[in-house]
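Some notes on the structure that comes next.
The values are calculated or read from the model by the stated rules, or taken from the named source; none is laboratory data. Computed from a predicted model, the values in this text were never measured in an experiment. Every residue, glycine as well, gets a Cβ built from its backbone with ideal geometry; the counts of neighbours run over all protein chains shown.
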């Protein structure tokens with residue numbers, strides 16, 4: 001159980017993006033606002049669904065395409081954030097792309113290994129039955145994360 005610490009601030013906030021991206025925009029907007037409010041560094045983690053090390057040279061062609069799509073998306077997001085940020089509230093951002101079959105585990109591991117203090121993730125809005133049958137990345141992250149998790153509908 002977490003103890004409530006008065007006056008707690010966050011210095012590193014992670015927003016997780018995974019396929020499909022259409023659910024990411026709302027979480028990104030929340031994460032940006034929270035990062036600005038706390039003057040925190042925002043880490044935008046894009047998880048490509050696949051079993052590959054993205055640092056290797058000989059990647060399967062579909063993973064290469066997913067990585068290119070992710071890079072393009074993150075460039076657009078970074079440019080938009082920098083353009084929209086007011087001069088007084090410039091947000092420090094870091095983007096990273098990783099690949100994993102198990103999305104929730106990848107998010108939790110990344111957060112722990114990189115000393116993330118808050119994770120922000122979007123729920124897909126599935127029904128309870130579908131979430132039980134198919135599982136939910138957001139609920140797995142909430143259950144296993146070492147830090148607070150803000151879920152956004």
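In this entry, residue 78 passes the filter for residues that are within 16 Å of the chain's Cα centre (by Cα), closer than 13 Å to residue 15 by Cβ and modelled with pLDDT under 90. What about residue 32, is it surrounded by 13 or more Cβ atoms within 10 Å (Cβ to Cβ), outside any strand (DSSP E or B) and touching a helix residue (DSSP H, G or I) at 6+ places or on another chain (Cβ under 8 Å)? Yes: the conditions hold for residue 32. Would you say residue 46 is surrounded by 14 or more Cβ atoms within 10 Å (Cβ to Cβ), modelled with pLDDT of 90 or more and more than 25 Å from residue 147 (Cα to Cα)? When the stated conditions are applied, residue 46 does not pass them.
Scanning the range 91-108 for residues that are modelled with pLDDT under 85 and not in a strand (DSSP E or B) turns up at least one hit.
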